[in-house]
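Note sheet for the following structure.
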Amino acid sequence: MIISVIALACAGSAIAAILARWMPRALLPALVLEIAFGILIGPNGMALLAPGPAMEMLAKLGFGVLMLIAGLEIDLGMLLARGQKAKQASPLMLAVMMSLMTVVMAAFGAWLLLDSSTPLLHLAIYAVILSTTSVGIVVPTIQERRLADGAYGQTILSTALLADFFTMIAISSLAGIVVSGRAEGALGSLALVGIAGLAIWLLPKLLARVPAAQLDSRTSLPLVRLSLALLFMVAWLAERLESELVLAAFLAGLLLGQIIPRNSHRRETLEAIGYGFIVPFFFINVGLKFDIPALFASPKALLLVPGFVAVAFANKIIPALLLVPAHGRKMAVAAGLLLSARLSLIVAASDIATRIGVLDTATNAAMVLVAIISAALAPLLFNILVDRKAPILANAEA
C-alpha cells in the first residue's frame, strides 16, 4: 500500500514541477499544482488515493522538512541588524509592525463578517486563523526569485514566520481557554522556544572549534545526517512538551542555520531532499483532504468565502505598505500579496477551532477553500509584479 502511495505522489510531484516550468514565466508554483493533483486523485476526484495512515505519516514528514528549510533560510544577523539608513527599520522591526497590524485588521474583518452575537473569544480565534501566512509558499517563492539573502526577502520571511509563531501559540492558548479556562497548550511551546534559544546561543560557539572539513564529506554527509537527526530529536521533544511539530521543525532549522555556513552546498542538498522528494507529500495530502461536499452543503459558508478572501488579502497588503520607503510601492504590494498566501496553518488552526466547537464543518471547509484560493493567487500575483531584475535590486539594498 505505501509503495503505491509513494508512486502516485512522486508521479504527481514530477508532473506538477514540469507543468509549472512550462507556464509563462513560471507564474504558478508547483506546490499549487500538487494540491490540485491531490484533489484530482482524491476521494472527490478519480478516487485513486484516499487520506490514510501512510499518507498522513509522509505528509507530516514533508511538513517537518519544509519548516526545517524555512528556519534554515533565516539569517539572524540580517534580522537583528539595523538599517543602513538612519530612518530605515530592520527587517525584524518591520516584520513585528506588519504582524501587529495584520492581527488588528483580521479581528476587525471577522467582526464585520460574523454575526453580532458571536462571542468575543470566538472572534479572537477567527482573527488568529485569518492572520496566518503560509511559510510553505513564501519560502520556495522567495528562493525561486533569489531574494532570501536581501533585506526585502528577509523581511517577508520573518513576517511570515512571526505570523506562524503567533498562530501556533495563540490558537493553542485560546483553545485552552475555551475548553478549560486555562492556556496550558502554550506552555510547552514557550518551553521549547526557551530551550531552542539556549541551544542557538551555545552550540555555534562550541562547534566553532571544530574544523569545517570535519563537518562535511561527500560520502558520509555528516551535516545532512545531523540536520535530519536534529529534526526528529526536536520533534520528539515537542511531543513530550505537548507542543507543535511546525514550531519544533522551524526551531531546528533556525539552529542549523547558525551551524551550516550560508555558502555551504549542504544547504542545497537538504533543499533537494525536501523539495525533490518529501515535501510534495504534504501538499498532495492537502488536496486529498479537501471536503467539497461539506462546503457546498452550506450556502451560508459559501457566502463567507469571498469575505474571508478579501480580509485575507487586505490584512497583509495594507500592513506591507510599511515597506514603501525602503523598497517602493510596487515591491511593497508584491510582499503583501505573497504574505496573503495561506495553507497549512490556516487548515490546522481551523481544524482546532472546529474540534472545540467554534467553527462548524462547513465553515471549516470554507476556510480550506480560502487557503486554496490564496495559495493559488498570491504567488502568481507576486511573480507578475516582481520582474527578473528584482532580486538584484532587493539584494543590493541589503
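Residue-by-condition table, conditions (1) modelled with pLDDT of 75 or more; (2) polar (S, T, N, Q); (3) surrounded by fewer than 21 Cβ atoms within 10 Å (Cβ to Cβ):
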{"position": "P204", "(1), (2), (3)": "yes, no, yes"}
{"position": "A208", "(1), (2), (3)": "no, no, yes"}
{"position": "P222", "(1), (2), (3)": "yes, no, yes"}
{"position": "R225", "(1), (2), (3)": "yes, no, yes"}
{"position": "L228", "(1), (2), (3)": "yes, no, yes"}
{"position": "A238", "(1), (2), (3)": "yes, no, no"}
{"position": "A248", "(1), (2), (3)": "yes, no, no"}
{"position": "L255", "(1), (2), (3)": "yes, no, no"}
Index of the failed condition, P299 passing every other in (1) in contact (Cβ under 8 Å) with a residue 40 or more places away in the chain; (2) under 22 Å from L114 (Cα atoms): (1)
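Looking at the range 115-153, which of its residues are surrounded by 24 or more Cβ atoms within 10 Å (Cβ to Cβ), over 15 Å from T102 (Cβ atoms) and of a type in the set (A, V, I, L, M)?
The first filter runs over the range 115-153 and keeps only residues surrounded by 24 or more Cβ atoms within 10 Å (Cβ to Cβ), leaving 125-126, 128-139, 142, 147, 150-153.
With the extra rule that they be over 15 Å from T102 (Cβ atoms), the set shrinks to 125, 136-137, 139, 142, 147, 150-153.
Answer for the range 115-153, where residues must be surrounded by 24 or more Cβ atoms within 10 Å (Cβ to Cβ), over 15 Å from T102 (Cβ atoms) and of a type in the set (A, V, I, L, M): I125, I137, V139, I142, L147, A151.
Out of everything in the range 249-275 that is free of Cβ contacts under 8 Å to residues at least 60 places away in the same chain and either within 18 Å of the chain's Cα centre (by Cα) or assigned to a helix (DSSP H, G or I) (or both), what residue ends up being nearest to P222 (Cα to Cα)? Quick ask: steps written out before the conclusion?
Taking the range 249-275 and keeping what is free of Cβ contacts under 8 Å to residues at least 60 places away in the same chain, we get 259, 261, 263-266, 268-269, 272.
With the extra rule that they be either within 18 Å of the chain's Cα centre (by Cα) or assigned to a helix (DSSP H, G or I) (or both), the set shrinks to 265-266, 268-269, 272.
Numbers: H265: 13, R266: 10, E268: 14, T269: 12, A272: 16 Å.
Per the criteria, the residue is R266.
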Index of the failed condition, P29 passing every other in (1) crowded, with 20+ Cβ neighbours inside 10 Å; (2) modelled with pLDDT of 80 or more; (3) within 14 Å of F282 (Cβ to Cβ): (2)
Count of the range 99-152 residues which are outside any loop (DSSP other than H, G, I, E, B), modelled with pLDDT under 90, closer than 18 Å to G336 by Cβ and more than 18 Å from the chain's Cα centre (by Cα): 1
Tabulated pairs, the range 219-246, first under 15 Å from G257 (Cβ atoms), second of a type in the set (D, E), C-beta under 8 angstrom, 6+ apart or interchain: L223/D216
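The values are calculated or read from the model by the stated rules, or taken from the named source; none is laboratory data. Model, not experiment: these values are computed from the prediction. Here the Cβ is made from the backbone with ideal geometry for all residues, glycine too, and neighbour counts use every protein chain on show.
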